[in-house]
Amino acid sequence: MTSQVSSPAEQADGAEGAVVGGQRTRAGSDGKEIRRLDRVIIRFAGDSGDGMQLTGDRFTSETASFGNDLSTLPNFPAEIRAPAGTLPGVSSFQLHFADHDILTPGDAPNVLVAMNPAALKANLADVPRGAEIIVNTDEFTKRPMAKVGYETSPLEDGTLEAYNVHPVPLTTLTVEALKEFGLSRKEAERSKNMFALGLLSWMYHRPTEGTE
């Protein structure tokens, strides 16, 4: 299932489908359910070197070109290049976009994209129950989890049972997508933020032509 925040033009035309709990739903051309929302707050979070600011900036540009009202909140760590995978090194970018006028970047994200265990732990307290959490499962190995005090995987021990968790092997998928370009694995892994951008753009029906 994907979601969509209507553009002003679509609001004027009226959206087809049934309204469920403040959300408008309809079936897509492929038969999958599409939820039409009036607003969404997304937070991209990862290491300082994961490109979260760039990802958020590109998603913002895509959303602006779509015609939605928006407000953003970039969040940089105070430390200068803190050690990778640690809580002080977590960087994030929050975007609130809607089909009506909004005044703030929002308090609690409806969607958290966590690129590693540190990003998850640093931001989980802000995420309301029932929200969507997308995690890069490739990073949830013993050493990265130990850096932030996870003795067991939060993906398996019930820590996230109150949320709608979407485990995605972002690093693996990115490397596979770029295998024809002759890049080293390290070089290919640096593009995982763009894979995350593509995933969220698909989920929320954002245009990608400008980024491409």
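How do the peptides 176-188, 87-99 rank, highest first, by the average count of neighbouring beta carbon atoms within 10 Å per residue?
Ranked from most to least packed, the peptides come out as 87-99, 176-188.
Taking the Cα centre of each part, how many Å lie between region 114-154 and region 40-89?
Taking the Cα centre of each part, region 114-154 and region 40-89 sit 16 Å apart.
Quickly rank 39-50, 108-119 as a protection proxy: mean count of other C-beta atoms within 10 Å, highest first.
Working: 39-50: 23.0, 108-119: 25.2.
The densest-packed peptide leads the list: 108-119, 39-50.
For region 104-212, would you read off the P(r) tail past 16 Å as a percentage of all alpha carbon pairs?
When all Cα pairs of region 104-212 are counted, 63 percent exceed 16 Å.
Running Debye on region 44-161 with equal point scatterers at the Cα sites and no solvent, what base-10 log of I(q)/I(0) appears at q = 0.12 Å⁻¹?
Results for region 44-161 at q = 0.12 Å⁻¹ read -0.44.
For a Förster distance of 25 Å, can you work out the FRET efficiency between the beta-carbons of W202 and L124, rounded to the nearest 0.05?
Given R0 = 25 Å and the Cβ-Cβ separation, E is 0.55.
All of the numbers you see were taken from the coordinates with simple rules; none came from a lab. What you are looking at is a predicted structure, and each value in this text was computed from that prediction instead of being measured. Glycine gets a Cβ as well: all are built from the backbone with ideal geometry, and neighbour counts include every protein chain shown.
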